[in-house]
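> Below are the structure tokens for one structure; questions will follow.
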There are 2 protein chains.
Amino acid sequence: MALPHPSVDQLDLASILGVLGDQTRLGIVAYLAGNGDKPLNCGQFLVLGSKTNISYHLAKLREAGVTRTEAVGTSRLITLRRDDLDRRFPGLLDSIIASAGELPGLEDARVDAVT
Amino acid sequence: MALPHPSVDQLDLASILGVLGDQTRLGIVAYLAGNGDKPLNCGQFLVLGSKTNISYHLAKLREAGVTRTEAVGTSRLITLRRDDLDRRFPGLLDSIIASAGELPGLEDARVDAVT
């Protein structure tokens, strides 16, 4: 069953900023960006929080249109909706990712994701 | 009595994004930017909400370090902390303002602020 995602036209700036106003969710976005925007499995975010916690944050990010969640077999793959976000709000995602890179703790997450 | 403001080092990305995850607060920021970053009196935001409502939102913006509020005689002057934000999170404010410019309703507010 496919999970609901907002269309590009439905992306709302206030909702996106509100959802990104959270350290763990910024961490998830930085983690995805640090991994070259390649899809990551839910489990790969466990360095950022517990399973329940991460599931909650991934749902929030999906509902705001920041990430896409796809069920592949028994696992869920998460991708950053960079193209959609860039089309709707040019430069926004990059500036947030660049700013998030300075946050303590996220550096480690990014390195883990890349290696 | 001077109101408390976070220092540049205390500016926190998640707090700033969280505070800007609100249509009225985005409107206030777009309004200030549309007015060439010149200080605006509290009362000039009343096009965006009631007095109580605007006071609440201005306090949130000040506490997160997005705006500066200065008491001048009996009125309060609000300025965008662009230099501080740009120093800490280069490009972030501009990309948010550019994205906010597309929001319905804010165009009118910006035009009112300029005229």
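The values are calculated or read from the model by the stated rules, or taken from the named source; none is laboratory data. Keep in mind the model is a prediction, meaning the values are calculated, not measured. Neighbour counts are summed over all protein chains in view; Cβ atoms, including those assigned to glycine, are modelled from backbone coordinates with ideal geometry.
> Would you call A:Asp12 touching a helix residue (DSSP H, G or I) at 6+ places or on another chain (Cβ under 7 Å) and of a type in the set (D, E, K, R)?
Values: touching a helix residue (DSSP H, G or I) at 6+ places or on another chain (Cβ under 7 Å): no; of a type in the set (D, E, K, R): yes.
No, not satisfied.
> For segment B:50-89, which residues satisfy the criterion of being on the phi > 0 side of the Ramachandran plot and either surrounded by 13 or more Cβ atoms within 10 Å (Cβ to Cβ) or modelled with pLDDT of 90 or more (or both)?
B:Gly65
> Hey, among the residues in segment B:4-24 that are among the aliphatic types (A, V, I, L, M) and under 17 Å from A:Ala30 (Cα atoms), which one's farthest from the other protein chains (Cβ to nearest Cβ)?
Of the residues in segment B:4-24, the ones among the aliphatic types (A, V, I, L, M) are B:8, B:11, B:13-14, B:16-17, B:19-20.
From the residues that got through so far, the ones that are under 17 Å from A:Ala30 (Cα atoms) too are B:13-14, B:16-17.
Values: B:Leu13: 5, B:Ala14: 5, B:Ile16: 8, B:Leu17: 4 Å.
The residue in question is B:Ile16.
> With respect to A:Ile28, determine if the residue is touching a residue at least 12 places away in the same chain (Cβ under 8 Å), away from every other protein chain (no Cβ under 13 Å), in a helix (DSSP H, G or I) and touching a helix residue (DSSP H, G or I) at 6+ places or on another chain (Cβ under 7 Å). Lay out the reasoning, then the answer.
On the way: touching a residue at least 12 places away in the same chain (Cβ under 8 Å): yes; away from every other protein chain (no Cβ under 13 Å): no; in a helix (DSSP H, G or I): yes; touching a helix residue (DSSP H, G or I) at 6+ places or on another chain (Cβ under 7 Å): yes.
Answer is no for this residue.
Matching residues to (1) part of a strand (DSSP E or B); (2) more than 14 Å from chain A (Cβ to nearest Cβ); (3) free of Cβ contacts under 8 Å to residues at least 40 places away in the same chain:
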| site | (1), (2), (3) |
| --- | --- |
| B:Ile54 | no, yes, yes |
| B:Leu58 | no, yes, yes |
| B:Leu61 | no, no, no |
| B:Arg68 | yes, yes, no |
| B:Ala71 | yes, yes, no |
| B:Ile78 | yes, yes, no |
| B:Asp84 | no, no, no |
| B:Pro90 | no, no, yes |
| B:Ile96 | no, no, no |
